[in-house]
Amino acid sequence: MQSEIVFLCLFFRFKDNRKDDIWLVDFYAPWCGHCKKLEPIWNEVGLEMKSIGSPVKVGKMDATSYSSIASEFGVRGYPTIKLLKGDLAYNYRGPRTKDDIIEFAHRVSGALIRPLPSQQMFEHVQKRHRVFFVYIGGESPLKEKYIDAASELIVYTYFFSASEEVVPEYVTLKEMPAVLVFKDETYFVYDEYEDGDLSSWINRERFQNYLTVDGFLLYELGDTGNKHICNSPSLFIQEVARDYRDQFHRDFQFGHMDGNDYINTLLMDELKVPTVVVLNTSNQQYFLLDRQIKNAEDMVQFINNILDGTVEAQGGDSILQRLKRIVFDAKSTVVSIFKSSPLMGCFLFGLPLGVISIMCYGIYTADTDGGYIEERYEVSKSEIESQEPTEESKEQEPRSGVTLVPTVQGPKDVLEKKKD
């Protein structure tokens, strides 16, 4: 009881004073398996944040006990990690590892746009971050758009500002102000006419040009609207990604995926590796190789054929495809259970089938007995009705004056015999 009182006191203190501090909160449910898996990692996060003197306070809240607070922050699943900063709440959508969570906390808890006052600071940022964005110039409408984009996408990447003198000498700018992304040991400049909306451009460019793709990253890439190529690095993809970036980067994200388990589930097929799959995440369609790839030029031709529509698309997100995916997932789950633990599989599926079989047998035998009784009743009734004319003939005997010997038994006798 004492621990519960302390917890409630801390809860009310958090509710009243949370806007005065920065909180990193894990909203969990006691019965959630993923929450239990996160718990030791979360404890490590709290210890390290405290040891380095971070201003971010780390806590956790049972969302089932305090559902009103969870609803206030839009918690719909467990676990949900949020950084609360003033009136703002930032969702964490990255891998649930200690380093990634701490990196998220440092990035979001700091300034939205971080200034780079010197070349030394710029070089330090380049060494530390694989991808980051820089606004160069003074006050302008472009800077306002940059701030708006940063407030939305700070959960994914870093945003900086600098003067033209701080930028490395190899950077060439045609006009000012400008927004640049530094990645893959080079830089790219935002062009409003070619790249469209600034926020959408940043959302596409926040990834490196060539990635190691997993299921989580593939889900994130879906927000960009690009198509994604998952393959073995030996199939010239890295060369195409590097040498043809200007031609394809607006429509494609290049990378490779280790193994084929995830992609098999997505495509509902067994793919041999290495191979090339082009996935359109906007509609779940995919494209498979229709030719032999001998060099990078063959790969470029294949990609161009996808863009001009001459390569047939497969899959999709139609109702039929969704039903097929449900059946495939169920089949895969059953097979995996039997492969990992045959005895457990027999118990899980054999016991319900046995119960259902017994119930069906009981229903069938009950129906059969009822049908027999009903049939017997119908036959008896028909026999009774067949005797009615005989009774009428008996009533007419005295009138004719002829004595007849009865040869047909009365209905009563028939019923008595059947009863015997």
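The values are calculated or read from the model by the stated rules, or taken from the named source; none is laboratory data. Here the structure is a predicted model, which means the values were calculated and not measured. Methodologically, a virtual Cβ is constructed for each residue, glycine included, from the backbone with ideal geometry; neighbour enumeration extends over all protein chains shown. Surface areas here come from the heavy atoms of the whole protein model, side chains and all, with no ligands, DNA or RNA. Shrake-Rupley method; radii C 1.70, N 1.55, O 1.52, S 1.80 Å.
Compactness of region 114-206, taken as the C-alpha radius of gyration over 2.2 N^0.38 Å, stands at 0.99. A straight chain from ASP87 to SER151 at 0.36 nm per residue would run longer than the Cα-Cα distance by 21.8 nm.
Summing Lys and Arg as +1 and Asp and Glu as -1 over all other residues whose Cβ lies under 11 Å from the Cβ of TYR158 gives a net charge of +4. The length gained on full extension between ASN305 and ASP197, counted as 0.36 nm times the residue separation minus their Cα-Cα distance, comes to 36.2 nm. Only the Cβ atoms of Lys and Arg (+1) and of Asp and Glu (-1) were treated as charged; on that basis the dipole of region 114-206 about its Cα centre amounts to roughly 480 debye.
Think of region 13-93 as a dipole: +1 on every Lys or Arg Cβ, -1 on every Asp or Glu Cβ, centred on the Cα centre; then among PHE73, TRP23, MET61, PHE73 lies furthest on the positive end.
Peptides 180-193, 325-338 ranked from most to least packed give 180-193, 325-338, packing being the mean of other C-beta atoms within 10 angstrom over each peptide's residues.
Taking label positions 7 Å along the Cα-Cβ direction at both ASP100 and GLU239, the computed distance is 3.3 nm, reported to one decimal. Between ARG130 and CYS346, the simple spin-label model (points 7 angstrom out along Cα→Cβ) gives 4.7 nm. For the pair region 233-306 / region 116-182, the C-alpha centres are spaced 32 Å from each other.
Here region 13-93 is assigned +1 on the Cβ of each Lys and Arg and -1 on the Cβ of each Asp and Glu. Its dipole about the Cα centre then comes out at about 100 debye. Note on region 13-93: with neighbouring protein chains present and a 1.4 Å probe, carbon and sulfur make up 49 percent of its accessible heavy-atom surface. Rg/Rh, computed from the Cα trace of region 97-137 with Rh as the Kirkwood radius, has the value 1.00.
Other residues within the sphere of radius under 11 Å centred on the Cβ of VAL240, judged by their own Cβ, net out at -2 (K and R +1, D and E -1).
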